[in-house]
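Some notes on the structure that comes next.
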Amino acid sequence: MTNAAELETRLIDIVRGNEGLMHVLRVMRDLDLPDWKLFSGAVYQAVWNERTGRAPGYGVKDYDIGYFDPDTSWEAEDVAIKRVAAAFSPELRDIVEVRNQARVHLWFEGKFGEPYEPLTCTDDALARFVAPSFALAVRLEKDDAISVAAPFGLQDVFDMVIRPNPNRGLAKGWDRVIANARGRWPEITVVEPA
């Protein structure tokens with residue numbers, strides 16, 4: 001088992017070596033949305049691709065950006081969505097998805113059939129992700145440092161393990177999530193719910 005600091009350094013090196021991730025991070029840093037982070041898939045998948053010798057962008061369907069604005073109106077979020085879309089070239093515009101984490105509780109249950117308590121910041125969302133290995137976010141800071149948020153640590157990410165989030169019930173789409181991940185990375189290990 002590798003220690004947390006070593007895993008974080010490895011993650012940062014992988015992110016820095018991934019041109020696609022770095023481009024998204026640089027654009028988002030310049031846009032400077034409040035409390036923004038690049039979440040989940042594009043980040044943990046970069047690790048999985050590095051671990052399995054796949055191309056850096058393999059399997060990446062989108063780049064999920066979370067930010068936190070206390071203005072929970074759809075109009076305010078729509079302004080941010082359009083601003084982000086305008087900052088990216090057409091090939092990225094449709095796959096960079098930005099959402100105000102302060103609004104998630106307003107639509108989550110209707111879309112996913114599960115209740116969702118309001119968040120207080122972007123990092124709070126990570127603790128509610130389907131699996132600890134998905135609960136990962138990075139941010140490019142003004143000084144070019146990369147900050148990492150991973151409430152469950154990075155061991156599962158680097159071990160390519162997907163297990164249910166111990167802090168929430170099993171996600172309704174668990175089987176679909178697992179089938180999707182196995183279809184792209186058959187090397188993953190799945191710890192099925194007890």
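The values are calculated or read from the model by the stated rules, or taken from the named source; none is laboratory data. This is a predicted model, so every value here is computed, not measured. As a convention, Cβ positions derive from the backbone with ideal geometry for all residues, glycine included, and neighbour counts pool all protein chains shown.
Laid out as a table, the results:
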{"item": "All positions within the range 33-68 that are hydroxyl-bearing (Ser, Thr, Tyr) and surrounded by fewer than 19 Cβ atoms within 10 Å (Cβ to Cβ)", "result": "THR52, TYR58"}
{"item": "Evaluation of ILE95 against (1) farther than 25 Å from LEU119 by Cα; (2) without any contact (Cβ under 8 Å) to a residue 40 or more places away in the chain (one fails), failing number", "result": "(1)"}
{"item": "Evaluation of ARG139 against (1) assigned to a loop (DSSP other than H, G, I, E, B); (2) under 18 Å from the mean Cα position of the chain (by Cα); (3) at pLDDT 95 or above (one fails), failing number", "result": "(1)"}
{"item": "Count of residues meeting criterion [in a loop (DSSP other than H, G, I, E, B), closer than 18 Å to ASP35 by Cβ and out of contact with any Phe, Trp or Tyr (no Cβ under 9 Å at 6 or more places or on another chain)] in the range 80-127", "result": "2"}
{"item": "THR122 modelled with pLDDT of 95 or more, within 27 Å of THR9 (Cα to Cα) and among the hydroxyl-bearing types (Ser, Thr, Tyr)", "result": "yes"}
{"item": "Given (1) of a type outside the set (Lys, Arg); (2) in contact (Cβ under 8 Å) with a residue 12 or more places away in the chain; (3) farther than 27 Å from ALA4 by Cβ; (4) in contact with a helix residue (DSSP H, G or I) (Cβ under 6 Å, 6 or more places away or on another chain), index of the condition VAL104 fails", "result": "(4)"}
{"item": "Hey, PHE152 assigned to a loop (DSSP other than H, G, I, E, B), touching a residue at least 12 places away in the same chain (Cβ under 8 Å) and either closer than 20 Å to TRP36 by Cα or not basic (Lys, Arg) (or both) or not", "result": "yes"}
{"item": "Residues of the range 2-42 satisfying the condition of being among the acidic types (Asp, Glu) and without any contact (Cβ under 8 Å) to a residue 24 or more places away in the chain", "result": "GLU6, ASP13, ASP32"}
{"item": "Among the residues listed as PHE134, PHE129, PHE112, the single one being in contact with a Ser or Thr (Cβ under 6 Å, 6 or more places away or on another chain), farther than 17 Å from LEU31 by Cα and in contact (Cβ under 8 Å) with a residue 60 or more places away in the chain", "result": "PHE134"}
{"item": "The range 1-27: number of residues that are of a type in the set (Gly, Ala, Ser) and either closer than 19 Å to ALA127 by Cβ or buried (at least 18 other Cβ atoms within 10 Å of the Cβ) (or both)", "result": "1"}
{"item": "Answer residue from the range 142-175, given it is among the small types (Gly, Ala, Ser) and modelled with pLDDT under 95 and is surrounded by the most Cβ atoms within 10 Å (Cβ to Cβ) among those", "result": "ALA171"}
{"item": "Selection from the range 43-79 of residues that are in a helix (DSSP H, G or I), in contact (Cβ under 8 Å) with a residue 12 or more places away in the chain and of a type in the set (S, T, N, Q)", "result": "GLN45, THR52"}
{"item": "Candidates ASP30, ASP71, filtered to the one that is at pLDDT 95 or above, surrounded by fewer than 15 Cβ atoms within 10 Å (Cβ to Cβ) and under 22 Å from VAL138 (Cβ atoms)", "result": "ASP30"}
